[in-house]
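The values are calculated or read from the model by the stated rules, or taken from the named source; none is laboratory data. All of these numbers come straight from a predicted model, not from anything done at the bench. Cβ placement follows ideal geometry from the backbone for every residue including glycine, while neighbour counts extend to all protein chains displayed. Keep in mind that these areas ignore ligands, DNA and RNA; they rest on the heavy atoms of the full protein, side chains included. Shrake-Rupley method; radii C 1.70, N 1.55, O 1.52, S 1.80 Å.
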Amino acid sequence: MSLFSERLTNLRETNNWSKTYVAKQIGLSSMQTYANWEYGRTEPDFSNVTKLADLFGVSVDFLLGRPEKNDNNNTADLADDDTIFTFEGKPIPEQDLEYMKRLLRGGRK
């Protein structure tokens with residue numbers, strides 16, 4: 001499985017979307033076309049890669065596995081409950097976030 005396929009699968013599952021839902025959202029007539037992208041059997045054209053990036057709220061570079069250029073220093077506060085923190089494209093479980101917060105507080109709860 002390619003990094004592209006893994007990222008598609010992870011993003012879809014993170015959003016709790018079905019393959020059929022994603023296929024319909026980007027205008028595919030067949031869910032199997034999208035499923036083949038996740039399975040790594042085929043790859044989408046540029047237009048569909050762009051639609052997928054827009055749907056998932058990520059860059060095309062991220063989907064394709066390219067390192068993203070970070071010209072600005074985006075920050076997020078671990079105390080912000082509205083932010084979904086991720087590592088390597090996968091959401092960080094709440095219990096791990098709590099552990100990270102405890103570590104940053106010097107072990108205090």
Kindly list, by first and then second residue, each pair from a residue in region 7-22 that is among the hydroxyl-bearing types (Ser, Thr, Tyr) to a residue that is surrounded by 14 or more Cβ atoms within 10 Å (Cβ to Cβ), limited to pairs with Cβ atoms under 6 Å and residues at least 6 apart or on different chains. Thr9/Glu38; Thr14/Pro91; Thr20/Met31
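Looking only at region 1-30, which residues are in a helix (DSSP H, G or I) and open to solvent by 70 Å² or more (accessible area, probe 1.4 Å)?
Pass one, region 1-30, residues in a helix (DSSP H, G or I): 3-14, 19-25.
Within region 1-30, Leu3, Glu6, Glu13, Tyr21, Lys24, Gln25 meet the criteria.
Take Leu55 and decide whether it is touching a residue at least 24 places away in the same chain (Cβ under 8 Å), outside any helix (DSSP H, G or I), over 19 Å from Met1 (Cβ atoms) and open to solvent by less than 50 Å² (accessible area, probe 1.4 Å). So that I can check it myself, show each step before the final result.
Working: touching a residue at least 24 places away in the same chain (Cβ under 8 Å): yes; outside any helix (DSSP H, G or I): no; over 19 Å from Met1 (Cβ atoms): yes; open to solvent by less than 50 Å² (accessible area, probe 1.4 Å): yes.
No.
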Is it the case that region 68-83 has a residue that's under 23 Å from Met100 (Cβ atoms), out of contact with any strand residue (DSSP E or B) (no Cβ under 7 Å at 6 or more places or on another chain) and surrounded by 17 or more Cβ atoms within 10 Å (Cβ to Cβ)? no
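Tell me, yes or no, whether region 49-61 has at least one residue that is among the polar types (S, T, N, Q) and modelled with pLDDT of 95 or more. Step through it out loud before you land on a result.
Narrowing region 49-61 to residues among the polar types (S, T, N, Q): 50, 59.
When the remaining residues are screened for being modelled with pLDDT of 95 or more, the result is 50.
Checking region 49-61: at least one residue is among the polar types (S, T, N, Q) and modelled with pLDDT of 95 or more.
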